[in-house]
């Protein structure tokens, strides 16, 4: 079975604080991809990052960074110096390479509120 | 460029009525997905179309749900005899090609309320 767990339902921080969103996944597949999506109040899901199961290098993009650790089946997302515009629901998702359907298995999301 | 569009943005219907939700994918995208986002179930996969292949309907919750994709482009999700538990935001996404790593681009969704 495939599953994505985002244990943090809601996080509230003050602007300029760093915040880490946790994601733990389960899959029996050896080849898979992990994604993070952002859903701002407007509702549209916005792609942030993709990582494949063979690439454990951490990635940094501006204020965003991702830490992928296969040993703990985690793909955590850190926002440095958070801003009010970062307020959104963040989803972690998994796609396993098992053929026909590339359906995303989503976590339940973490609502991040950044207070000014 | 144009992204994925969905219509209507909001739909209120009475229990027992049929509804049709429309999705226009990004031009040239061969893969199209429907997902449902509800408070109790989070984001869940419904159905997947890829080119001319038979769709993967494994996520449809009941036989009241159906979808079609005409001409490899526009898709319509139909819910017959709507129930209150069908109330949710229905999201459409499209991606290019067959590769599992292809990014899925999402539309703004249709918020369905069944009274």
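The values are calculated or read from the model by the stated rules, or taken from the named source; none is laboratory data. Model, not experiment: these values are computed from the prediction. FYI the Cβ positions are ideal-geometry reconstructions off the backbone, even for glycines, and counts take in every protein chain you see.
In the range A:72-87, is there at least one residue being touching a strand residue (DSSP E or B) at 6+ places or on another chain (Cβ under 9 Å), closer than 30 Å to residue B:55 by Cβ, at pLDDT 95 or above and part of a strand (DSSP E or B)? Yes, there is a match, as at least one residue in the range A:72-87 is touching a strand residue (DSSP E or B) at 6+ places or on another chain (Cβ under 9 Å), closer than 30 Å to residue B:55 by Cβ, at pLDDT 95 or above and part of a strand (DSSP E or B). Of all residues in the range A:41-66, those satisfying the criterion of being in contact (Cβ under 8 Å) with a residue 12 or more places away in the chain, assigned to a strand (DSSP E or B), surrounded by fewer than 19 Cβ atoms within 10 Å (Cβ to Cβ) and more than 11 Å from chain B (Cβ to nearest Cβ) are A:61, A:64, A:65. When residue B:66 is tested against (1) part of a strand (DSSP E or B); (2) within 24 Å of residue A:46 (Cα to Cα); (3) without any contact (Cβ under 8 Å) to a residue 24 or more places away in the chain, only condition (2) is not met. Of all the numbered requirements in (1) closer than 26 Å to residue A:47 by Cβ; (2) free of Cβ contacts under 8 Å to residues at least 24 places away in the same chain; (3) surrounded by fewer than 20 Cβ atoms within 10 Å (Cβ to Cβ), residue B:102 misses one, and that requirement is (2).
Which members of the range B:69-84 meet the condition of being loosely packed, with under 14 Cβ neighbours inside 10 Å and at pLDDT below 95? Answer for the range B:69-84, where residues must be loosely packed, with under 14 Cβ neighbours inside 10 Å and at pLDDT below 95: B:70, B:71.
Being surrounded by fewer than 16 Cβ atoms within 10 Å (Cβ to Cβ), without any contact (Cβ under 8 Å) to a residue 60 or more places away in the chain, more than 7 Å from every other protein chain (Cβ to nearest Cβ) and farther than 22 Å from residue B:41 by Cα is the requirement here; does residue B:97 meet it? No.
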